[in-house]
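What follows is a set of notes on a single structure, which appears directly below.
The values are calculated or read from the model by the stated rules, or taken from the named source; none is laboratory data. Worth saying up front: this structure is predicted, and the values here are computed from it rather than measured. Cβ placement follows ideal geometry from the backbone for every residue including glycine, while neighbour counts extend to all protein chains displayed.
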Ligand code: ADP
Ligand code: ZN
Ligand code: ZN
């Protein structure tokens with residue numbers, strides 16, 4: 001009888017064998033329901049064979065093979081296998097967690113409305129509707145008609161975005177014959193003569209970049225598209241996607257943040273009007289995600305835009321991969337399977353021998369190093385694409401002589417005032433939300449800390465709460481210091497809310513908008529905010545890094561940066577690289593169009609090389625500087641790292657475990673031919689306690705990726721055999737947080 005080898009979502013790195021009379025090798029990649037202990041589990045058939053190491057009488061039978069969707073393609077299975085091996089994470093867990101939630105359930109996946117999106121268009125009589133006869137207050141009707149005008153097709157997702165009531169309205173209109181429901185039409189986009197917007201003429205730098213990739217479009221290469229902010233990287237992506245479409249290929253575009261999807265998606269939809277585009281991100285509900293995934297798997301979707309997890313989408317005709325803002329740390333998953341979507345994207349491209357483009361204004365030093373050493377092709381865009389748009393003028397304001405009480409120097413306040421009088425927008429960047437990072441007792445030095453984490457509680461004055469930004473715990477303000485009883489406890493330092501308060505006092509007439517995670521928690525809030533900014537309904541923006549990424553604010557003339565010095569002397573060796581990227585990005589928001597931009601950094605270290613490089617817009621100088629330091633210190637990209645992270649309720653459990661792990665590591669290295677593996681002593685994590693768990697880790701480092709992998713495979717096997725009931729551990733390969 002055929003035997004199924006099944007990948008299951010259990011923390012044991014092995015396949016599980018089951019009998020199944022009906023199975024054949026063509027079932028590889030299908031989902032299957034199997035008994036596991038007293039439970040039933042969903043799994044993926046990884047192999048079908050005739051023999052098992054398990055005695056026949058002990059083999060259980062599979063309960064049902066699901067044929068509701070096509071099997072996972074072999075390439076995707078190879079990617080998942082690689083991912084499991086490289087990150088030393090159980091294969092079944094990798095596989096099942098890569099699937100849309102609806103495919104992880106023990107039942108066939110059904111989409112009531114089918115896989116293909118229905119699209120809506122106006123009929124002839126719909127076009128005749130006299131919009132002036134519709135009451136003005138019926139905004140949904142107006143919005144819908146507006147959206148449908150000019151032969152525009154809307155799909156369900158777009159309809160929902162207009163209003164939750166829009167779908168119902170469309171049903172009524174369909175009944176009235178105003179609107180027609182159709183299946184999505186797939187038409188090649190090559191001869192799109194009715195292009196609504198004429199193509200931009202590429203700058204010289206852009207056309208060099210585009211043509212370079214074109215000449216090697218049917219082979220694997222990693223292209224580092226290294227372009228300053230505003231250099232028109234998006235236009236380069238668009239030309240490459242166009243080429244992929246014309247060759248009947250799918251394109252996968254990975255972006256770091258869900259906030260960036262609607263903007264980029266809108267750009268794509270305008271450009272490729274007849275191309276089915278899906279976006280896959282955590283803001284979708286389970287049905288939307290499944291539909292997008294299936295459209296990709298069946299080749300219906302031609303452009304797939306998504307965050308991290310989208311790297312695991314089955315794409316039968318994949319011809320191009322793009323990773324935008326490749327340096328962004330959100331491409332690395334920070335719990336469970338700690339994969340880097342950027343690195344897997346490169347693997348995917350290599351698998352099917354196609355180009356992959358990594359775009360950034362401030363590439364990660366790993367990628368930059370590969371470009372310098374010739375493993376990646378370096379494409380540079382050194383100038384802004386819009387004519388006469390220069391990079392902003394960046395200056396430091398030295399605050400050593402007198403730290404301003406309000407947090408804002410006279411110079412910065414003056415610059416904001418200037419902007420206001422010229423009706424231009426300004427942005428104050430402070431990467432800390434809340435009112436103040438510390439609640440302090442002035443008489444005894446007590447500060448409010450989280451009981452479950454080794455962190456301070458952040459003051460949120462508006463809702464009169466102290467809250468932990470690590471575990472979400474929040475509590476009321478104490479009336480007096482719990483230690484000495486003094487009622488004089490005060491917020492110390494500042495966050496976005498306090499800056500907002502200060503600015504409203506200074507500029508009572510200005511329209512001020514704060515943008516951080518507390519202010520945009522509502523769904524869709526982000527899009528409204530962007531519109532508000534674009535319509536110039538805001539004068540001063542205050543924001544965290546949320547604001548820094550990829551947005552185009554044409555009327556923004558000034559960026560003020562507060563409290564960035566904190567990251568200059570961090571113990572994390574990547575802090576400088578990150579700060580530079582962040583400041584470069586937020587500076588890049590200024591002066592994108594006709595307006596000349598200006599950036600003012602308040603700092604106690606105006607001579608610091610990082611600020612110097614920033615002022616000269618000289619990424620290379622800083623990057624080479626940091627690389628030289630890393631080489632001496634033996635840090636990545638000159639070495640490869642893996643971190644064994646462990647946590648438990650008791651610190652002793654953690655320490656004991658890591659000491660055992662250390663001993664095992666030693667004995668493995670002693671037995672190896674190549675001994676270039678460095679084992680560090682266990683140390684506390686940067687957050688030594690998180691959500692009530694004590695945390696520590698052990699770092700392993702090697703000059704050779706292969707040697708490190710060989711070691712890790714052995715070590716992982718031995719670690720897995722240790723008793724593990726009290727300890728939670730995970731291997732983090734290529735860690736970026738400590
Ligand atoms: P980046 O992603 O590199 O920061 P964008 O892609 O956002 O830059 O482009 C910045 C601006 O330049 C956009 O407003 C875009 O429309 C414009 N732009 C891009 N390419 C050209 C071009 N060839 N000619 C004129 N404007 C361009
Ligand atoms: Zn006190
Ligand atoms: Zn906490």
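Quick look at the numbers
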read-out: From the options 664, 627, 672, residue that is loosely packed, with under 15 Cβ neighbours inside 10 Å and out of contact with any strand residue (DSSP E or B) (no Cβ under 7 Å at 6 or more places or on another chain); value: 672
read-out: Test: residue in the stretch 457-468 that is within 30 Å of residue 600 (Cα to Cα), more than 27 Å from the chain's Cα centre (by Cα), more than 16 Å from ligand 3 (Cβ to nearest atom) and surrounded by fewer than 20 Cβ atoms within 10 Å (Cβ to Cβ); value: yes
read-out: Selection from the stretch 546-579 of residues that are assigned to a helix (DSSP H, G or I) and within 16 Å of ligand 1 (Cβ to nearest atom); value: 547
read-out: Counted residues, the stretch 250-285 - those being within 30 Å of residue 372 (Cβ to Cβ) and surrounded by fewer than 21 Cβ atoms within 10 Å (Cβ to Cβ); value: 3
read-out: Qualifying residue in the stretch 688-699 (condition: closer than 30 Å to residue 81 by Cα and surrounded by fewer than 20 Cβ atoms within 10 Å (Cβ to Cβ)); value: yes
read-out: Test for residue 444: is it within 16 Å of ligand 3 (Cβ to nearest atom) and not in a strand (DSSP E or B); value: no
read-out: Yes/no for residue 506 being assigned by TED's automatic domain parsing to the domain that holds residue 590 and within 16 Å of ligand 1 (Cβ to nearest atom); value: no
read-out: Total residues in the stretch 365-379, condition in a loop (DSSP other than H, G, I, E, B) and either more than 21 Å from residue 320 (Cα to Cα) or within 16 Å of ligand 2 (Cβ to nearest atom) (or both); value: 1
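Yes or no, residue by residue, for (1) touching a strand residue (DSSP E or B) at 6+ places or on another chain (Cβ under 7 Å); (2) assigned by TED's automatic domain parsing to the domain that holds residue 647; (3) away from ligand 2 (no atom under 15 Å from the Cβ):
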residue	(1), (2), (3)
431	no, no, yes
443	no, no, no
447	yes, no, no
454	yes, no, yes
460	yes, no, yes
467	yes, no, yes
